[in-house]
Amino acid sequence: MLAYRHQFHAGMFADVFKHALLVRLLLALRRKEKPFSYIDTHAGIGRYDLEHAWAQKNAEFRDGIARIFGDHDRGRDDVPPLVAPYLDAVRAENPNGRLRYYPGSPCIARRFLRAGDRAVLSELNKKDCAELQQRFAGDRQVSVQLMDGYQSLKAHLPPKERRGLVLIDSSFDRANEFARLREALKSAHRLWAGGIYALWFPLMGPGTMRAFERRIVTTGIRRILWLDLTVRAGSEAGRLGGCGMLVVNPPYGFPAEAAVILEWLARVLAPAGEGEAHCRVLVGE
């Protein structure tokens, strides 16, 4: 498992992967006028200072968001239009054009909520939750709760809107987290079969990943998309080499969008050019 506090890893390639896809899912929900809910099970503090000593220790953001952000509006000239809204969300946290702050999923999601939409953010770490509560103090569209992320699914599903997205972004700092993730999805889907679920996970050894795939298939849940991105072969001094996401009930057009995004990220985020990405149907209709 991973030794994890997100301030050490903010803005790394895994964040770029996760958040670029998250934005596309939120934009898909905005296509219909009816309100939607966004439920974040492991919300963190919402925004991260990349000049903080923890972020600077390994400076993982340099091989992540820094590769595509640019300074003072001089970013890459090959950014796909599908990635632009995500980059706009990062730029909104850095209005002077210099990369310093990286928005976590709560701040990114908040940017795409409309007047009738709402977010429910859960965080189990007391200090992090207090910081997140302060960040969204007075925001009536955002609820922040000190709660275990998996327990929050039982408390908040199904949402009153009957439309929405659940992001499950565990820190994977405990044993048996793949099994816990599988059971959480199975239980949540039983409560709310029509919701969109996005489950982030680190890529581990081939045996571990094959077992995880099999266990997800045996849930009986239909319409599951598997996405993954590898930026380095294996782990270098304990550093994460790749990550993935399961998307349950992917919106119309999302698989094609994800394929374009991942192809580009595999090319621009791999330090030694060995990037690889996959977008495939794990379970069909």
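Within 21 Å of residue 104 (Cα to Cα), surrounded by fewer than 19 Cβ atoms within 10 Å (Cβ to Cβ) and at pLDDT below 95: is that true of residue 169 in this structure?
Here the answer is no, as residue 169 does not meet what is asked.
Report, by residue number, each residue of segment 243-264 that is charged (D, E, K, R) and within 18 Å of residue 203 (Cα to Cα).
Across segment 243-264, the qualifying residue is only 263.
Would you check which residues across segment 82-116 are over 19 Å from the mean Cα position of the chain (by Cα) and within 21 Å of residue 257 (Cβ to Cβ) and list them?
Residue satisfying the conditions is 114 alone.
Output the qualifying pairs, or none if there are none: Cβ atoms under 6 angstrom, residues six or more apart or on different chains, first residue in segment 151-177 and on the phi < 0 side of the Ramachandran plot, second residue at pLDDT below 95 and part of a helix (DSSP H, G or I).
As it stands, the answer is 170/177, since those pairs meet every condition given.
Out of all the residues in segment 147-155, is one or more aliphatic (A, V, I, L, M), farther than 13 Å from residue 188 by Cβ and touching a strand residue (DSSP E or B) at 6+ places or on another chain (Cβ under 9 Å)?
yes
Which residues, counting only those in segment 225-258, are of a type in the set (A, V, I, L, M) and either at pLDDT below 95 or touching a Cys at 6+ places or on another chain (Cβ under 8 Å) (or both)?
225, 227, 229, 231, 233, 237, 240, 258
Count, please, the residues in segment 239-262 that happen to be closer than 27 Å to residue 191 by Cα and free of Cβ contacts under 8 Å to residues at least 24 places away in the same chain.
0
Of the residues that sit in segment 15-50 and are more than 19 Å from residue 152 (Cβ to Cβ), acidic (Asp, Glu) and touching a strand residue (DSSP E or B) at 6+ places or on another chain (Cβ under 9 Å), which one is surrounded by the most Cβ atoms within 10 Å (Cβ to Cβ)?
15
If only one of 55, 66 is over 19 Å from residue 167 (Cβ atoms), over 18 Å from the mean Cα position of the chain (by Cα), modelled with pLDDT under 95 and small (Gly, Ala, Ser), which one is it?
55
Out of curiosity, is residue 137 in a helix (DSSP H, G or I), more than 24 Å from residue 249 (Cβ to Cβ) and more than 19 Å from the chain's Cα centre (by Cα)?
No; evaluated as a whole, the condition is false for this residue.
Output the residue which, of all residues in segment 201-229 that are buried (at least 19 other Cβ atoms within 10 Å of the Cβ) and touching a His at 6+ places or on another chain (Cβ under 9 Å), is nearest to residue 255 (Cα to Cα).
227
Can you list the helices (runs of 4 or more DSSP H) lying wholly within segment 25-108 that have 1 or more residues being farther than 18 Å from residue 14 by Cα?
So the answer is 53-58, 84-92.
Determine which member of the set 214, 223 is among the basic types (Lys, Arg) and free of Cβ contacts under 8 Å to residues at least 40 places away in the same chain.
Going through 214, 223 in turn, the sole match is 214.
Being more than 18 Å from the chain's Cα centre (by Cα) and not polar (S, T, N, Q) is the filter; apply it to segment 143-158 and report the residue that is farthest from residue 174 (Cα to Cα).
Of everything passing the filter in segment 143-158, 158 is farthest from residue 174 (Cα to Cα).
Checking residue 120 against (1) crowded, with 20+ Cβ neighbours inside 10 Å; (2) within 28 Å of residue 240 (Cα to Cα); (3) touching a helix residue (DSSP H, G or I) at 6+ places or on another chain (Cβ under 6 Å), which single condition isn't satisfied?
(2)
Listed residues 29, 25, 82, 2; which is more than 13 Å from residue 103 (Cα to Cα), out of contact with any helix residue (DSSP H, G or I) (no Cβ under 8 Å at 6 or more places or on another chain) and modelled with pLDDT of 95 or more?
Only one candidate qualifies: 29.
The values are calculated or read from the model by the stated rules, or taken from the named source; none is laboratory data. Everything numeric here is computed off the predicted structure, so don't read it as measured data. So basically every Cβ, Gly included, is an ideal-geometry build from the backbone, and we count neighbours across all protein chains shown.
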